[in-house]
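Colleague: Okay, here's the structure, questions in a sec.
The values are calculated or read from the model by the stated rules, or taken from the named source; none is laboratory data. None of the values given here were measured: they were computed from a predicted structure. Glycine also receives a Cβ, built like all others from the backbone with ideal geometry; neighbour counts cover every protein chain displayed.
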Amino acid sequence: MLGIDAHTGRMVTDFDQLISRIIQVLTTGKKTRVKRGEFGTLGRTLSAKNMTPSRLARLQNMTIAAFYEPANGLLDFVVIRCVATATRDGVLLQLSGVWQNQSKNIDVVVS
């Protein structure tokens, strides 16, 4: 698959393109895009609050749910594990899963 990285503007392919799509979804709140209201995740509503263990668990659930939403275009990545950890810069989401029959690990910081 071919795409353009939202931050750098450079063309990305294959696994880099998947990472770019994941970052776009996890950093976009649901209902924030006018013509694509179902795009994104509800987890953005938690990112500005103090991260208690229960909020981190809810964020993990919302993150996994985003991968099963067809509007997000991430159905080609099967999430096996998601761990949310509070950091100084926000929340670190450590994702493990399968993409194109290969095990992959992805770290995304959501601030």
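Colleague: Return yes when Lys104 is modelled with pLDDT of 95 or more, surrounded by fewer than 17 Cβ atoms within 10 Å (Cβ to Cβ) and outside any helix (DSSP H, G or I) and no when it is not.
Modeller: Against the criterion (modelled with pLDDT of 95 or more, surrounded by fewer than 17 Cβ atoms within 10 Å (Cβ to Cβ) and outside any helix (DSSP H, G or I)), Lys104 qualifies.
Colleague: Any chance the range 47-57 includes a residue that's more than 27 Å from Gly9 (Cα to Cα) and touching a Lys or Arg at 6+ places or on another chain (Cβ under 9 Å)?
Modeller: Among the residues of the range 47-57, at least one is more than 27 Å from Gly9 (Cα to Cα) and touching a Lys or Arg at 6+ places or on another chain (Cβ under 9 Å), which makes the answer yes.
Colleague: Oh, and also: Run down Ile19, Ile80, Ile4 and say which single residue is within 11 Å of the chain's Cα centre (by Cα) and either of a type in the set (A, V, I, L, M, F, W, C) or at pLDDT below 90 (or both).
Modeller: Result of the check over Ile19, Ile80, Ile4: Ile19.
Each row is one residue, and each column tells you yes or no for (1) under 14 Å from the mean Cα position of the chain (by Cα); (2) within 19 Å of Val109 (Cβ to Cβ).
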| residue | (1), (2) |
| --- | --- |
| Gly9 | no, no |
| Asp14 | no, no |
| Asn50 | no, yes |
| Ala57 | no, yes |
| Met62 | yes, yes |
| Arg88 | no, yes |
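Colleague: Where residues in the range 23-60 are of a type in the set (Ser, Thr, Tyr) and part of a helix (DSSP H, G or I), which of them is surrounded by the fewest Cβ atoms within 10 Å (Cβ to Cβ)?
Modeller: Result: Ser54.
Colleague: From Ala65, Ala84, Ala71, Ala57, which residue is touching an Asp or Glu at 6+ places or on another chain (Cβ under 7 Å) and not charged (D, E, K, R)?
Modeller: Ala71
Colleague: Scanning for something in contact (Cβ under 8 Å) with a residue 24 or more places away in the chain and buried (at least 17 other Cβ atoms within 10 Å of the Cβ), does the range 77-86 turn up at least one residue?
Modeller: So far as the range 77-86 goes, yes, one or more of its residues are in contact (Cβ under 8 Å) with a residue 24 or more places away in the chain and buried (at least 17 other Cβ atoms within 10 Å of the Cβ).
Colleague: Please tell me if Arg10 is buried (at least 17 other Cβ atoms within 10 Å of the Cβ) and basic (Lys, Arg).
Modeller: no
Colleague: Okay, moving on. In the range 66-76, which residues are in contact (Cβ under 8 Å) with a residue 40 or more places away in the chain and either over 11 Å from the mean Cα position of the chain (by Cα) or not in a helix (DSSP H, G or I) (or both)?
Modeller: Gly73, Leu74, Asp76, listed by residue number.
Colleague: Need the failing condition index for Thr63 against (1) surrounded by fewer than 16 Cβ atoms within 10 Å (Cβ to Cβ); (2) without any contact (Cβ under 8 Å) to a residue 40 or more places away in the chain, just the number.
Modeller: (1)
Colleague: Identify the residue in the range 24-37 that is at pLDDT below 90 and in contact with an Asp or Glu (Cβ under 9 Å, 6 or more places away or on another chain) and, among all such residues, is nearest to Val79 (Cα to Cα).
Modeller: Filtering first and then ranking leaves Lys30.
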